[in-house]
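Below is one structure, written out as structure tokens; the observations come after it.
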């Protein structure tokens with residue numbers, strides 16, 4: 001499943017999957033918001049109303065547990081505090097996209113015993 005959010009927390013991943021997290025910048029020119037209209041749509045989990053409004057995605061303050069194969073596209077805001085109710089970014093503010101992917105991993109029986 002693909003998600004679009006405004007934050008990532010280690011609490012979104014079970015502890016046994018922490019080594020499977022891959023975090024990378026999204027390639028230049030790709031806008032993850034387009035995934036909301038795709039055949040296999042992403043789910044908005046943007047929990048900040050103003051950021052959701054700026055991105056043009058649904059506001060959805062929902063807890064998520066990422067599983068192997070899931071990808072969370074994080075709209076990371078850089079700038080001064082957003083004025084309440086804003087619909088555009090303030091001057092000098094920017095949103096940078098980051099991909100948080102939970103890789104599919106193979107666990108051996110020995111690995112399972114070590115992680116418990």
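General remarks:
- Yes/no for residue 91 being more than 23 Å from residue 17 (Cβ to Cβ) and touching a strand residue (DSSP E or B) at 6+ places or on another chain (Cβ under 9 Å): no
- Residue within the range 5-18 that is over 21 Å from residue 102 (Cα atoms), out of contact with any helix residue (DSSP H, G or I) (no Cβ under 6 Å at 6 or more places or on another chain) and surrounded by fewer than 16 Cβ atoms within 10 Å (Cβ to Cβ) present: no
- Each residue in the range 9-20 was checked for being part of a loop (DSSP other than H, G, I, E, B) and over 16 Å from residue 69 (Cα atoms), and 1 of them qualify.
- Number of positions in the range 68-80 that are in a loop (DSSP other than H, G, I, E, B), touching a strand residue (DSSP E or B) at 6+ places or on another chain (Cβ under 8 Å) and over 14 Å from residue 43 (Cα atoms): 3
- Residue match in the range 35-47 (condition: in contact with a strand residue (DSSP E or B) (Cβ under 9 Å, 6 or more places away or on another chain) and part of a helix (DSSP H, G or I)): yes
- Enumeration of residues in the range 98-116 that are at pLDDT 95 or above and either touching a helix residue (DSSP H, G or I) at 6+ places or on another chain (Cβ under 6 Å) or surrounded by fewer than 15 Cβ atoms within 10 Å (Cβ to Cβ) (or both): 102
- Out of 23, 51, 95, one residue alone is at pLDDT 90 or above and either assigned to a loop (DSSP other than H, G, I, E, B) or buried (at least 16 other Cβ atoms within 10 Å of the Cβ) (or both). It is 51.
The values are calculated or read from the model by the stated rules, or taken from the named source; none is laboratory data. All values derive from a computational prediction rather than experimental measurement. A quick note on method: Cβ atoms are made from the backbone with ideal geometry, for glycine too, and the neighbour counts reach across all protein chains shown.
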